[in-house]
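Shown next, in structure tokens, is the structure this report addresses.
The values are calculated or read from the model by the stated rules, or taken from the named source; none is laboratory data. Quantities reported herein were computed from a predicted structural model and do not represent experimental measurements. Don't worry about glycine lacking a Cβ; one is built from the backbone with ideal geometry, like all the others, and counts go over all protein chains shown. For accessibility, only protein heavy atoms count, side chains too; no ligands or nucleic acids. Shrake-Rupley method; radii C 1.70, N 1.55, O 1.52, S 1.80 Å.
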Amino acid sequence: MNNKRKLHLNRLFQIIYPLLIYAIIYQVSDGLFRLLLPKNVGDLLPLFFAAIITFPFIIVIYKKVPTIKADNIFSKQDAIRDLSLILITVVIGIILNILITKLPFMAYSTTYKNAKDTLNDGSILLKILTTVIIVPILEETLYRGIIAGQLNIMYGEKIAIVLSALLFGIMHANIVQFTYAFLVGIPLGYTFVKTKKLWTAILSHSILNLFVLIVSLL
């Protein structure tokens, strides 16, 4: 095996293993909590606990892998850029959400309906803790901080943005959420690679999920 092939395999491993760890721990934890918790607590609480269990593992990986990070020097120009990108990402996400909810195949996606029912199966406080706080932090740390951050170093910004968005879409495992997650993952990835600050992607994701939550409650 030549050095070039070894390099590509090593890079592939660096991208795949965080996804596998995330998927295994998250799914196993969710399944266990569904078995252990009373049935009347609903489906969202097991998902919340699974996210909490998975979070430390993803943070450890994030701290160990080579990824892009901004310096700690504050400037007014950077602050304006960061806030502008967050605003643009949120606006794009809201528009995409509105457009995708009008698509005809939404009514035929049983997997999407099940996922939507799960996210609606809990108190308002639990929905905020899960969908607005813990899930955006967990997903952005994985897909932007770990995946896009490494891909940016390995292959450049464009591949980092598109491939991390594609993996983000695939993770949702249904056509409706795939379409939305992939498309919104592009501005999320762009915001991250341009600012080199994970919090900008997390905040954008949180605001978008808050918008979806508010709309679901109306």
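The table below lists the values:
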quantity	calculated
Of all residues making up the range 167-186, the number that are open to solvent by 20 Å² or more (accessible area, probe 1.4 Å) and part of a helix (DSSP H, G or I)	11
Failed criterion for residue 45 (all others in (1) under 18 Å from residue 135 (Cβ atoms); (2) not in a helix (DSSP H, G or I) hold)	(2)
Selected residue (criterion: nearest to the chain's Cα centre (by Cα)) from residues of the range 127-166 that are open to solvent by 10 Å² or more (accessible area, probe 1.4 Å) and of a type in the set (Lys, Arg)	127
Cβ pairs under 6 Å, 6+ apart, first in the range 144-156 and over 20 Å from residue 202 (Cβ atoms), second assigned to a helix (DSSP H, G or I)	154/11
Members of the range 81-105 found to be open to solvent by less than 70 Å² (accessible area, probe 1.4 Å) and in contact with a Lys or Arg (Cβ under 8 Å, 6 or more places away or on another chain), listed by number	82, 85
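For every residue, the table says whether it meets (1) open to solvent by less than 70 Å² (accessible area, probe 1.4 Å); (2) not charged (D, E, K, R).
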site: 22; (1), (2): yes, yes
site: 26; (1), (2): yes, yes
site: 31; (1), (2): yes, yes
site: 39; (1), (2): no, no
site: 52; (1), (2): no, yes
site: 63; (1), (2): no, no
site: 69; (1), (2): no, no
site: 79; (1), (2): yes, yes
